[in-house]
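The next block holds one structure in the form of structure tokens; read it before the comments.
Every read-out reported here was derived from the displayed coordinates using simple, explicitly stated rules and does not represent laboratory data. Predicted, not measured: the structure shown is a model, and the values here were computed from it. With ideal geometry, Cβ positions are generated from the backbone for all residues, glycine too; neighbour counts draw on all protein chains shown.
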Amino acid sequence: MVLVNNVALAMICCIYCCICWGSWANTQKMVQKKDWQSFLFYWDYIAGLFVTAVLGLLLFNGGHLFENLSWSAVLWPLLGGVIWNFSNIFLTAANGVAGMAVGFPIGGGLGWVGGIIFNYFSSGFTGNKPLLWTGVVLAVAAMVLCAVSYRRLTTSQKKSPLAGIIFAIISGFGFAFFYGLVVKGTAPNFGGVATLSPYQAVFFFAVAVLISTFLFCPVAMRYSVEGRVTMKDYFQKGDARTHLIGMLGGFIWMSGMVISFMTAQAPVNKAVSYALSNASPLIAMIWGVLIWREFKDAPKGTMKYVYAMFLCFLAALVIIAASN
């Protein structure tokens, strides 16, 4: 089994995960157009995610694919997968309506802070507590600044900011818990309470995501604020390039998940590991603000709030990492 035991290398793996989780939505932006909205993209995204999880199990689990399985162990990552997928549906909607520079800082940021707190109390934190909580406060401040920035943007466009912000907030609550639930399905030497290897846990997480997509996505397609679409639209309007880009998004996200679980035996505190892996809002803000220029039409004075948001997230990431 392929695992990382070195602290420095484990930190690098967590940062790689952070980059992946903050970058996958670029593929959504690349194919987003009037006749190919977010939930058509979502099918390809989940397909790429599942295939990558299968490859991770085959390549890194040491050939022991389905040993030490039990329902009590498998249920943890399955539950994590359902919760993550429900949340990610809303994040995808928030990205489609409000953009990466809003969906991620609010939704991902809320999940980031909630997950730190969850892992803090569930795993026992032995690092520098004042530093950790200082980082959490800065992350919360960044989310508030994001909401202020987006409100100024939508006011100038005579649109309501509520839909994007509400979708992002809903997504954040689920993101706070899914990672810890997947970890719980692993054996004690990997940080869990059950019997699975890290790659088995990720695989069953992906199974739950795939199955629940057939429940969640049709409902989202029917009631999407971007306009109702059907599976007929998926098969008629998507070309090979569009489908492959969507699958690439799934590969990017899941490769981060697989790499982060390589650190299961590394001596890094779970709260800090989670914080580094889930600092994706910082990456997404860079893409959304600097590359996609999502605030280019904002009224004068808005960018000071955007840059303050970025600095708060960056400071939060550095301080939380230093608290380990």
**Request:** Compute the Rg/Rh shape ratio of the stretch 172-324: radius of gyration over Kirkwood radius, all on alpha-carbon atoms.
**Result:** 1.03
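Cβ neighbours within 10 Å, averaged per peptide: list 132-142, 97-107, 69-79 in order, most packed at the top. Walk me through the numbers on the way to the answer.
Numbers: 132-142: 20.0, 97-107: 28.5, 69-79: 17.9.
The most tightly packed comes first, giving 97-107, 132-142, 69-79.
Are there DSSP H segments in the chain that both extend 18 Å or more along their axis (alpha-carbon positions) and score a mean Kyte-Doolittle hydropathy of at least 1.6? List them, or say none. Working shown, then result.
Values: long enough: 7-23 (24 Å, 2.12); 38-60 (32 Å, 1.79); 71-98 (39 Å, 1.12); 109-123 (21 Å, 0.91); 129-156 (41 Å, 1.10); 162-184 (35 Å, 1.99); 198-223 (36 Å, 1.51); 240-261 (31 Å, 1.18); 302-322 (31 Å, 2.02).
Qualifying helices, which must be both long enough and hydrophobic enough, are 7-23, 38-60, 162-184, 302-322.
If you take every residue apart from TYR305 with its C-beta less than 11 Å away from the C-beta of TYR305, what net charge results, scoring Lys and Arg +1 and Asp and Glu -1? Before the final figure, lay out each step's value.
Values: positive: ARG151, ARG152, LYS304; negative: none.
In short, +3.
Could you grab the relative contact order for the stretch 1-112? Cα pairs under 8 Å, six or more apart, rounded to a whole percent. List each step's numbers first, then the result.
On the way: 34 pairs, mean separation 36.6, N = 112.
Here the relative contact order equals 33 percent.
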**Positive dipole terminus of the chain, leading residue within ILE166, VAL113, LEU181 (C-beta point charges)** = ILE166
**Fill in**
Excluding residues fewer than 8 positions from LYS237 in its own chain, the lysines with Cα under 21 Å of it are LYS29, LYS33, LYS34
**Asked** What is the sum of charges around ILE106, taking Lys and Arg as +1, Asp and Glu as -1, for the other residues whose C-beta is under 15 Å from the C-beta of ILE106?
**Response** +1
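Applying a 10 Å radius around every beta-carbon, put 25-36, 181-192, 164-175 in order of their mean neighbour count, most first. List each step's numbers first, then the result.
On the way: 25-36: 17.8, 181-192: 20.8, 164-175: 22.4.
So the order, starting with the most tightly packed, is 164-175, 181-192, 25-36.
Which value, in debye to the nearest 20, gives the size of the charge dipole of the stretch 7-322 about its Cα centre, when Lys and Arg are +1 and Asp and Glu are -1 at the Cβ?
Numbers: 19 positive and 8 negative charges, 194 e Å.
Value, rounded to 20: 940 debye.
Using only DSSP helix segments of four residues or longer, with each worth -39500 (n - 2.57), what per-residue ellipticity at 222 nm results for the chain after dividing by its residue count and rounding to 500? Let's see the in-between values first.
On the way: 14 runs with 235 residues, N = 324.
-24500 deg cm²/dmol, from helical runs alone.
So how do 48-57, 80-89 stack up, highest first, on mean other-Cβ count within 10 Å? Numbers along the way, then the final one.
Values: 48-57: 21.3, 80-89: 23.3.
The packing order, highest mean first, is 80-89, 48-57.
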**Built amide H within the under 5 Å cut-off of THR186, gap 5+** = GLY192, VAL193, ALA194, LEU196
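Run the numbers on the chain and let me know its relative contact order in percent, using alpha-carbon pairs under 8 Å that are six or more apart. List each step's numbers first, then the result.
Details: 606 pairs, mean separation 131.6, N = 324.
Worked out over the chain, it gives 41 percent.
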**Message:** If you average the alpha carbon positions of the stretch 7-39 and of the stretch 172-248, how far apart do those two centres end up, in angstrom?
**Reply:** 14
